Every structure is written in structure tokens, then in C-alpha cells.
1. Run the quick spin-label model on ALA300 and SER379: label points 7 Å from Cα toward the beta carbon, then report their separation in nm to one decimal.
2. Give me the lysines in straight-line cross-link reach of LYS401: C-alpha distance below 19 Å, same-chain residues under 8 apart excluded.
3. Expected output is a single nm value to one decimal: the length gained when fully extending between LYS237 and GLU115, i.e. 0.36 nm times separation in residues minus the C-alpha distance. What is it?
4. I need the calculated FRET efficiency for the pair VAL618 and ASP150, taking r as the beta carbon distance and R₀ as 30 Å, to the nearest 0.05.
5. What's the local net charge at GLY314, with K and R +1, D and E -1, over the other residues with C-beta under 12 Å away?
6. Can you give the extra length, in nm with one decimal, that the chain gains between THR139 and ASP262 once fully stretched, where that is 0.36 nm per residue apart less the Cα-Cα distance?
7. Computed FRET efficiency, Cβ-Cβ of LYS169 and ALA508, R0 45 Å: what is it to the nearest 0.05?
8. If you take mean projected area of the Cα convex hull in nm² from the coordinates, which of (i) 35.7; (ii) 34.1; (iii) 27.8 do you get?
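Throughout, read-outs are computed from the coordinates displayed, never taken from laboratory work. Keep in mind it's a predicted model, so treat the numbers as computed, not measured. Cβ: placed from backbone, ideal geometry, glycine included. Neighbour counts: every protein chain shown.
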Amino acid sequence: MDGQPRPTVTWRHVLAVAAFIPVALSAQQQPQGPGRDRLTINDYLDWETISNPQFSPDGQQIIYSRGFIDRINDKRMSTVWLMNVDGSKKRQLLEGSGVVWSPDGTRIAYLAPGEPSGTQIWVRWMDAEGATSQITHVTESPSAIAWSPDSKYISFQMVVAQRENWNVKGIPAAPKGAKWIEPPRIVEKLRYRADGQGFLPDGFTQLFVVSADGGTQRQVTSGNWNSAAGRWTPDGKHLLFSSNRSADAEYEWRESDIYRADIASGEIVKLTKRRGPDQNPTPSPDGALIAYTGYDSTDATWKDAALYVMNADGTSPRNLTAALDRSPSELTWSTDGKGIYFLAEDRGSRNLYYVSLAGQVQQVTHGTQVLAVNDMTKSGLFVGTRTTPNEPPNIVTFDVKAPQTLKTLTSSNGDLLTGKKLATTEEVWYSSLDGMRIQGWIVKPPDFDPSKKYPLMLEIHGGPHSMYNVGFSFARQDNAAYGYVVLYTNPRGSTGYGSSFGNAIKNAYPGKDFNDLMAGVDTVIGRGYIDTNRLYVFGCSGGRVLTSWIVGHTNRFAAATAMCPVIDWFSFVGTTDGPSWYHNFEKLPWEDPSEHLRRSPIMYVGNVKTPTMLMTGVNDLRTPMGQTEEFYEALKLRKVPTAMVRFNNEWHGTSSTPSNFMRTQAFIRYWFERYQMPPGKSVQH
């Protein structure tokens, strides 16, 4: 925490939590660890996060969340803190998450464990007494809490169970005292499970309201459809939300509309009527207009959304950002109702923009940064978080009249970073094989010396439609502290570069993005400070697909680590946690499997010579363990050096549990240190 002493954590402590693969390195092979003046996983158990700052309604205080690691129970925890608007008088209020200030400023609502079990909604009075009350006693977990404009009610989402019980006749009753096995699970939904959750509840997510004084919650929406988080209209009479309430909803890909639910009667009115996803409804201050995001239906695998406004009754929809070609998010109306502020990602950064009702777009903040804006006062003061390659996220405020003058109110991990030498990050643009311009970043170790030779890690992002950004990365700092140069890039298919760039891998993934990555490696090698006998590559999910593709198409890397893989598209599309991947191919696999096979890394396993380690969470439903096992068996059969590391307590990814993050970092470096090309034997692609 800011300015507070931390217990010393040594490498020995980390090893106790994150035991290495049981293969010892010789003394000659063992890399020399970095000194205490580097940021490494020795420091990770003390790492904290800061997020979700919000102004009090009078603009005099800021409430925010601070996260820390519970090192005993190996999990991340969240606390709620309060400070004055100038950053003074920081103090912890309670343990919880999802905190929201009431419009009248008298209370906060938040989520925390309660009775009878699980997560419940709590309210705390913001007076000297600070009394807290549990206001729900539900059996399912509420989420997405929001206050009504008059501060009398709180809306939330919650699953309403609709368990299917077949009335099957002819099954004898269990004898008295018998211990029969649990009845089978009956599945009839198209999408019946989700990564991070397991089997989806037998029911649908609905909207509720409950008195802020406590009592029985009242269900607002119903039916066999899921409802996204609700947004109150200024008059407090309606909730706006997005959903797909068509009869064939579960079979419709990327379809949703904006709806208005009457709080009193439960009447639901559909406000948008086009094909395509419409989301994030945000009413204007006077309630006359509704801003939202969406786009016309398309078979493109990536399409940037636009920002629309329509009348409160759904008439006269119009696109305000048609010329922007970036996806707006986190919509906030100006206090005069003449325009909307929003965030947009662009070329590795995220900044604040404004669009007038006439469709004039202007960028408000600038800079190489990842900015999140959470709240705004009536006078035009914004609060949010900002991070850069060398700065963890901190809370900042700025006036809309002088947006480049940011005031930093917190010093996230400032005590931990004191005396640490951090890696430096250099932006690089380069041309791919066909002339496409690609953006990337080179992370150089502390005390970097361009006259020396360094091993190179190529890090590949997942998605594949996502964007690596310029925010602070503990993992990259840790790898650089051990003497690695790290290259991370946004190959075609990445977001933040427009719809055309994002959709460039339609029916061609992996493919040209492989060329983008190899051109990036060549660019860094051309700088003269890379040891070409020690080139390494790793990635998770979409990055794992490309890692597996790379080792089947070039032998230039000394070793590879593929986390949470897709190896075989033919089997993957039917075993992942949803049917949407069927839409990423021109034809269904039973109609013509040729494209699925052509794009599958397993088809090129006969070319692989690169030592390749596989790491996957045992609970992974997004890229199920069977994909990893299939590649492992093939590599093992061919006597390619390989290892399969099965991470416990992990869904998709290998780093959600603190100890597993440390294991992931250590295992990757361990595997890479085991292998390098023989001198003079580096292979060019």
C-alpha cells in the first residue's frame, strides 16, 4: 500500500509456492538471477492494483478499489478506499467490490459475502457512524448494481433458475437407505457452458430492483432470454438494457437490441430494430436521447462498432462516429447534453474522445498511455486511471478545459518500485512481407547495452481480435529483469487499427499474421543486439495458435512455449464453450473440412523440430485440454522435446491464481534456458 512497509519476499518464498518442473539445471546452465534492484516475481506477492475511482455527488471525495494478494489463501482480494478529491486523507472503508455511490451522496452500495451464502448487496452510510446493512438475501449472486436517480432503489442482475426435469416414467424409486449416484445432467441449450463458470445455470439472467433500505427484490424482466446490465432513465421509471429476445435467439450470431423495461409494470419495449449488435444504452441527462454502440450485421470476423444516438422512443437513430473507424466504449454524456465522451483504443493507446450531436469527433486526451475514465463532475472534472510502460495504473484527475494537465492522486506500488531499475519500452513500426505496416514494442532489460547480445522473447497476444497496449506489464518487466529482450506486436487481426486491419485474417488465421510476426523478429535482429541462437516464442490462446503454427513453419526458434492452445480446428469448433467459432470458417466442417484442416497447426506437426512446452488450465473450456493433449501426443510420438504442464485451479489461461502467475513466468524461462541453438546453427525463416 502507498507508503506502508511490506514484508520481504525472497525467491525462496516464491519457490515454496511455485515449485519448478522437476528437472534440475546444472550449475553451468543455471542463469544468474537479477539483483534486488530489478522488479521480478520475488516482488509479486506484494503487488497491488488500483481501479474504479468515482466522485462523490458533491465532487469533494473519490471512492476507489484497491486489490491485493492474499498470500495465505492464494487469491486476489478487493478493498474499498476513500480519499479527498485532492488525493489527501486516504483511508480504507471496507472489503468488497463493485462499489457505487448513491446519487444523493449519503450511501454507497457494494458487493460482499453475506447470508445465506455467496455474494450479496450491502449498503454503507457515509456519515460518521458508517453503519452497514445487507439488503439482499438471495441464493444466486447479484451483479451490475446501479442506484435509481432518487437513491431509493438499487437495480441488479441475477440468474433465475429454470431447472429442466424430464417427467421420465419407468425408473424405479431408490430403495430406502440406498446411495444412488446423482441423476444425469440434462443439456438442451446450444450454449450450455462457459469458461470461468463451467456449466451455465439452468435459467436466464434477469433484471431486478430492491429497496435501498432492504427487503424483497422485485423481478423486472422475464422470459427465456438473458438481459445485460440495466441503466436507469433520469426519471427513474425505466431500465434500459440490451438483449436478444427473438424466438431463435440462441442461434443468432452477434445479434442484440436495446430495450426499455417499465419498473412498475414490467412492460418491455424494443427500441432498436436492425440486424446486428446494439449495446451499452446510455440516456442523455434530460432523458430525451439514448446513446448506444453497435454496427450493421456482417460476416466479418472483426468490425469496429460505432456510436449512435436515437430518440428515447427508438426513433431517428443516427451514426455519430461513422468516420472514426474505432470502437467507442464507456459512454458519458456531457452535462449540457450536447455530446458524448467516450474511450477508444488506437495503435496501442487508449484516450478520451468527444463527439457532438452533429457528429463532430475530437480527441480530448493525447499521449502514449492507457487511460480509463470512470466519472465526471458537473463542472467537467474527470477521474480515471492512467498507465504507461513504466507506470502501473494510478488514479488521475483532469479538467476537460485542460485535459493534458493530469493530476496523479495515488502512487500505486510506489514503495515497492523505489530503488528498482525498470525495463525500457521502445515503439517500433516495420513493414511485413506484403508491405503492411505493423506496430510493435521492444522491451529492453535494465542497464541495456546495445553492444551486447541478448536472448529474444517473441510474445504473441490472444484473441486473435485484441490489442496489445502500452500499459505497465509486470510479466514483461520480470522477463526483462532476467536479461531478455521482449518483442510484442499487434499483427493484422488486432484491434485498434480499424475494421479492415482487424478483419484481414478472416478465413486466413493463422496466415499472414505469421509473416507480420517474423518481420518483427527480423527487425529487432537487425538492430544488432540479439543472439540469434537464443530466439524464443510464446503466447496464450490466439497467441498459442500462432506459436503452434510458427514451430510448424520455421525452425528458427530455439524453444517455444504454447499456452492454452488450439491445435485442431475441426474438433475445436465443437468442443469450445460456444458455437460462435463455427462462423469463422467459410463452410461448416461436415460440409467441407478442408479449410479447418488447412488452418490447423496439427497438420504441420511433421515439420516441428523446436522444443515446445505446452501449458493449459485443467478447467479450460475455451481451448479445452484435449487440444493440448493432441499436440503433446503428436510431438512426443515424433520425439520432439516437449512437456505438458497442467495448471490446477485455472480456466482459460494459466495466471488467474497468484501462485500460478509466478509458476507461468518461472516455467517459461526455465524451458527457454534449457535450449539454445548450437553456435552458428541459427535457422532463418
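1. 4.3 nm
2. Cross-link targets: LYS338, LYS378.
3. Values: separation 122, 0.36 × 122 = 43.92 nm, distance 3.00 nm.
My answer for the length gained is 40.9 nm.
4. 0.05
5. Details: positive: ARG260, LYS270, LYS273, ARG274; negative: ASP257, ASP278, ASP313.
Its environment carries a net charge of +1.
6. 41.8 nm is the gain from fully extending THR139 to ASP262.
7. The value I calculate is 0.25.
8. (ii)
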